[in-house]
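The values are calculated or read from the model by the stated rules, or taken from the named source; none is laboratory data. Just so you know, these numbers come straight off a predicted model, no measurement behind them. Because the Cβ atoms are built from the backbone with ideal geometry, glycine has one as well, and the counts that use them run over all protein chains shown.
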Amino acid sequence: MSSYVLGLLTSMVVAFIATPYVKRLAEKIGAVDAPNHRKVHTKIMPRMGGLAIFIGFVVSFAIFAPMTQQLLSKEMMGIFIGGVIILITGILDDKYQLSPKWKLAGQLLATVVVVAGFGLKIGVVNLPLGVNSIDFTQGWLAWLAIPITMVWIVGVTNSINLIDGLDGLSAGVSAIATATMAIMAIIMKDTGVAMYSFILFGAIIGFLYFNFHPAKIFMGDTGALFLGFNLAALSIMGFKEAVFVSFIIPIVVLGVPLWDTFFAIVRRLLNNKPISSADKGHLHHCLLNMGLSHRMTVITIYGMSAFFGAAAILLTQINTAGHTFWMTLIILAVLGFVIHMVTEIVGLVGKKNRPIINTYQRLRLKKVNNTTRRGQ
């Protein structure tokens with residue numbers, strides 16, 4: 001545990017010291033973010049702050065990797081190298097505003113490196129209720145594991161990027177997800193994933209001091225893509241030999257960005273818009289429209305992320321203790337109901353697409369009308 005804490009503190013201090021220098025660099029080379037009709041900020045802001053997160057991370061990683069042999073494993077080194085590729089993609093985008101196809105090309109290159117080059121992919125999934133396990137390491141399923149893993153990594157990477165719309169939002173949500181993975185890795189006695197997560201968490205916290213509202217620097221795609229890629233890869237690394245519930249846990253850990261991304265796709269399909277089109281219907285936009293301040297919106301989403309994180313930790317403990325599948329099913333059902341109700345309340349898919357609330361309002365109006373007619 002002392003190594004975890006030292007790794008965290010080292011990356012945090014280094015990222016904290018590096019951020020002002022990265023800010024000056026971003027301003028000097030023109031890696032800045034200008035306001036427009038979709039963005040909340042009203043002045044030109046330096047971005048590329050994710051470089052400070054990376055500097056804090058890489059310094060601590062270099063110090064503690066020799067002490068934690070699991071960090072030097074083939075797959076861990078693949079995540080590290082893939083992270084460097086995705087970082088370069090983010091820096092180029094923050095400076096030159098790459099087209100979506102070039103950004104995707106950088107993500108695919110990083111993903112191919114870690115999956116095909118270093119062998120990171122899903123492993124054995126033991127299904128519940130006595131059903132045989134699915135072994136993605138044997139036969140034709142080994143080939144299927146590669147595209148599934150690649151889709152997961154690219155999807156999570158972009159989901160973290162999509163929620164990067166308010167000061168400190170993406171960094172804070174990523175920090176909570178990383179801390180959750182660190183705790184679960186300790187429970188599962190996976191020292192490599194735990195150390196990697198502690199180091200990454202410290203780097204995010206060191207940067208978040210400058211990124212929380214009112215932000216002095218944005219982390220840009222440099223940070224959003226780097227963090228998304230690492231979270232996606234770590235979630236696979238931590239649950240490769242997975243029972244059914246563990247296969248679900250990474251989805252729960254990354255609940256907020258995946259939830260927001262999923263309903264963004266649904267919203268655009270219902271409105272006959274391209275999936276890749278930008279809009280102001282994301283979770284943070286909806287909360288702002290409800291009257292919450294910038295700071296309170298971010299803190300509210302932090303709370304949602306912490307809720308997902310706590311649910312993931314609870315599922316891990318149930319799984320580790322060997323409790324019944326039905327307990328897991330009940331927790332997931334409650335989680336699904338909460339997600340659905342919050343989605344309707346904030347209008348994440350639109351005011352018209354709220355079946356439970358709209359049905360309740362129609363029944364309530366009908367009751368009022370019947371009462372009025374009886375009174376007449």
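Here ARG47 passes the criteria (1) in contact with a Ser or Thr (Cβ under 9 Å, 6 or more places away or on another chain); (2) surrounded by fewer than 15 Cβ atoms within 10 Å (Cβ to Cβ) except the one numbered (2).
When VAL59, VAL22 are checked against the criterion of being modelled with pLDDT of 95 or more, surrounded by fewer than 20 Cβ atoms within 10 Å (Cβ to Cβ) and either β-branched (Val, Ile, Thr) or not in a helix (DSSP H, G or I) (or both), a single residue qualifies: VAL59. Quick one: would you say ILE88 is modelled with pLDDT under 90, within 22 Å of the chain's Cα centre (by Cα) and surrounded by 14 or more Cβ atoms within 10 Å (Cβ to Cβ)? No, not satisfied.
Only residues that are β-branched (Val, Ile, Thr), surrounded by 18 or more Cβ atoms within 10 Å (Cβ to Cβ) and modelled with pLDDT under 95 were counted in the range 187-199, giving 1. If you go through the range 331-356 and keep only what is farther than 17 Å from THR261 by Cα and modelled with pLDDT under 80, you end up with ILE331, LEU332, LYS351, LYS352, ARG354, PRO355. If you go through the range 255-279 and keep only what is touching a Pro at 6+ places or on another chain (Cβ under 7 Å) and of a type in the set (Asp, Glu), you end up with nothing. In this structure, LEU120 qualifies as among the hydrophobic types (A, V, I, L, M, F, W, C), under 22 Å from the mean Cα position of the chain (by Cα) and at pLDDT below 90.
A quick yes/no check of all residues on (1) more than 16 Å from the chain's Cα centre (by Cα); (2) without any contact (Cβ under 8 Å) to a residue 60 or more places away in the chain; (3) assigned to a helix (DSSP H, G or I):
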site	(1), (2), (3)
VAL252	no, no, yes
PHE263	no, no, yes
LEU269	yes, yes, yes
SER277	yes, yes, no
HIS284	no, no, yes
LEU288	yes, no, yes
ALA311	no, yes, yes
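On the basis of being surrounded by fewer than 18 Cβ atoms within 10 Å (Cβ to Cβ) and among the β-branched types (Val, Ile, Thr), does ILE53 make the cut? No, not satisfied.
The condition of being crowded, with 24+ Cβ neighbours inside 10 Å, modelled with pLDDT under 95 and not basic (Lys, Arg) holds for only one of GLY238, GLY202, GLY206, GLY255, that being GLY238. Answer with yes or no whether THR68 is surrounded by fewer than 16 Cβ atoms within 10 Å (Cβ to Cβ), modelled with pLDDT under 90 and either more than 25 Å from ILE163 (Cβ to Cβ) or not aromatic (Phe, Trp, Tyr) (or both). No; evaluated as a whole, the condition is false for this residue.
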